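> Have a look at the structure that comes next, please.
Quick note: the coordinates plus some simple rules give every number you see, no bench work behind them. All values derive from a computational prediction rather than experimental measurement. Positions of Cβ are generated from backbone atoms using ideal geometry, with glycine treated the same way; all protein chains shown enter the neighbour counts.
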Amino acid sequence: MKKVIAFFKLSRWENLLFFALTQWMFIYCVIDPIFDASHIQPNIHGELIPLLLLSYVLVAAGGYIINDYFDLNIDQINKPDKVMIDKYISRRWAIFFHSFLSIASVAIGIYIDIKSDIHLLGIANFIYGLLLFIYSLSLKKKLLAGNLLIAFLLAWVIVVITLCEGNQFTLLAHHRLVNTQKLLRYTILYAGFAFVINLIREVVKDMEDVEGDRKYGCRTMPIAWGINSTKVFVAVWLVVLISILVLLQFYALQSQWWFFSIYCIVAVIAPLIKAFKKLSKAQTPKDYHEISTLIKIIMFTGILSMIFFKIYT
């Protein structure tokens, strides 16, 4: 039983649920209303929806496992109480789980390709898993490269859903049957939000883990630039994100999306301002962990805002 619990902890089950929720919300609240308005069935429908979600849950789980495999020595310093490999799960089994989950994700992607007109998920899932492996092996230890890659991969879980409807754009947009401009705007909005908020969180986590990273030769931003310069980097991105979200509220109010604006101000913008204030005072790993947790909550509330597109569309 301990090994089962350790496996779920190792694969970050709570993050996997968040990935699945993000993709399901985007399909249910953005894709479906846009296609329903045109009385057209999207490529991702029926049984293909849970299969798509499962494929990304599996490849992400494999990524978390291989990341902990390569980070074992660092994690024994940064978070010894959370180390699962060699304590409950052997290194050999960690490699097996990573390989099995990654292969299963590719197989599901290929199955979806066969059952639909998509023809990209198999190769996309393979590349996704490969990039997670490369990140864990080397890029995580390099200045900014790993942060940018993870931010991109987390934004990709939204982008890939829109790309799955690519042939629909070609066949139907010319006849104005599908509002492709609206779909692209919503895709850019949420993928952009996911990219920036995750970039911020990854850099904050680097500040939290600086001691273990330094001991094992990592060149993360806090080590290469120093904590103060890294704080400035994070603060700039927080200001950029807050500014964009504030501007977005003017457009929402013009469309009389009152509840959407109230929600965003209370549940997204205000917590971002709180994170900005906490950043200036942060000194210890505990302080940075609190900021990272707050940003994770903001990611969740930001994704939940998709429900308003279902209501207003």
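> Quick check on segment 117-161: take the gyration tensor over C-alpha atoms, sort the square-rooted eigenvalues as a ≥ b ≥ c, and tell me if it's rounded (a/c under 1.5), prolate or oblate.
On the way: a/c = 4.61, a/b = 1.90, b/c = 2.42.
Taking the square roots of the gyration eigenvalues as a ≥ b ≥ c, segment 117-161 is oblate.
> Using the structure shown, select from Lys205/Lys274; Lys9/Lys115; Lys3/Lys274; Lys9/Lys296 the pairs with a Cα to Cα distance greater than 28 angstrom. Each step should come with its number before you reach the end.
Working: Lys205/Lys274 17 Å; Lys9/Lys115 33 Å; Lys3/Lys274 38 Å; Lys9/Lys296 17 Å.
Beyond 28 Å between Cα atoms: Lys9/Lys115; Lys3/Lys274.
> Quick check: the distance between the Cα centres of segment 141-161 and segment 5-34, to the nearest angstrom?
Using only Cα atoms, the two centres lie 16 Å from each other.
> Taking the Cα centre of the chain as origin and charging only Cβ (+1 Lys, Arg; -1 Asp, Glu), how large is the dipole, in debye to the nearest 20?
On the way: 29 positive and 20 negative charges, 156 e Å.
Once rounded to the nearest 20, the dipole reads 740 debye.
> Could you tell me the calculated FRET efficiency between Arg91 and Val4, based on Cβ-Cβ distance and R0 = 25 angstrom, to the nearest 0.05? Numbers along the way, then the final one.
Numbers: r = 18 Å, r/R0 = 0.72.
Step by step, r from the Cβ atoms, then E = 0.85.
> Further, regarding this structure: Sort Val157, Val232, Val204 by Cβ crowding within 10 Å, fewest neighbours at the top. Don't jump to the answer; show the numbers that get you there.
Numbers: Val157 22, Val232 13, Val204 26.
In order of increasing Cβ crowding within 10 Å: Val232, Val157, Val204.
> Right, another one. Which stretch or stretches of segment 184-217 have amide N atoms under 15 Å from the point lying 7 Å from Asp117's Cα along the Cα→Cβ direction?
Backbone N within reach: none found.
> Among Lys87, Lys2, what is the fewest-to-most ranking by other Cβ atoms within 10 Å? Could the numbers behind the result be given before it?
Details: Lys87 13, Lys2 10.
Least to most surrounded, the residues fall as Lys2, Lys87.
> With the cut-off at 1.5 for a/c, could you classify the chain from its C-alpha gyration tensor as rounded, prolate or oblate? Intermediate results must be reported in sequence, preceding the final value.
On the way: a/c = 2.16, a/b = 1.23, b/c = 1.76.
In terms of gyration-tensor shape, oblate.
> Between Thr284 and Ile244, what is the FRET efficiency for a Förster distance of 35 Å, r being their Cβ-Cβ separation, to the nearest 0.05? Each step should come with its number before you reach the end.
Values: r = 30 Å, r/R0 = 0.87.
For R0 = 35 Å, the calculated efficiency reads 0.70.
> Figure the gain on full extension for Thr293 and Lys79 (residue separation times 0.36 nm, minus the Cα-Cα span) and round it to one decimal in nm.
75.5 nm
> Another one. Give me the number: length gained by fully extending Ile188 to Ser138, i.e. 0.36 nm times residue separation minus the C-alpha to C-alpha distance, one decimal in nm.
Details: separation 50, 0.36 × 50 = 18.00 nm, distance 2.91 nm.
So the extension gain works out to 15.1 nm.
> Hey, another quick one. What are the ³J(HN,Hα) values, in whole Hz, obtained from phi via the Karplus relation 6.51 cos²θ - 1.76 cosθ + 1.60 with θ = phi - 60°, for each residue of segment 260-276 in sequence order, with x given for Gly and Pro?
Each residue's phi maps through the Karplus curve to give 4, 5, 4, 4, 4, 5, 6, 9, 10, 5, 4, x, 5, 5, 4, 4, 4 Hz.
> What residue among Met84, Ile303, Pro222 has its Cα farthest toward the positive end of the dipole of segment 2-312, where the charges are +1 on Lys, Arg and -1 on Asp, Glu, each on the Cβ?
Towards the positive end, the residue furthest out is Pro222.
> Ordered by residue, what ³J(HN,Hα) values in Hz, to whole numbers, does segment 127-142 give under the Karplus form 6.51 cos²θ - 1.76 cosθ + 1.60, where θ = phi - 60° and Gly and Pro are x?
Using θ = phi - 60°, the values come out as 5, 4, x, 5, 5, 5, 5, 4, 4, 5, 6, 9, 5, 4, 8, 9 Hz.
> For segment 82-112 and segment 234-313, write down the distance between their C-alpha centroids in whole Å.
Spelled out, the Cα-based centre of one part sits 34 Å from the other.
> While we're looking at this one, here's another question. Which of Thr162, Thr220, Thr180 has the fewest other C-beta atoms within 10 Å, and how do the rest follow up to the most?
Details: Thr162 21, Thr220 24, Thr180 18.
If I rank by nearby Cβ atoms, fewest first, I get Thr180, Thr162, Thr220.
> Report the label-to-label distance for Ile307 and Ala37 in nanometres (one decimal), using points 7 Å from each Cα along the Cα→Cβ vector.
Simple spin-label model gives 2.1 nm for this pair.
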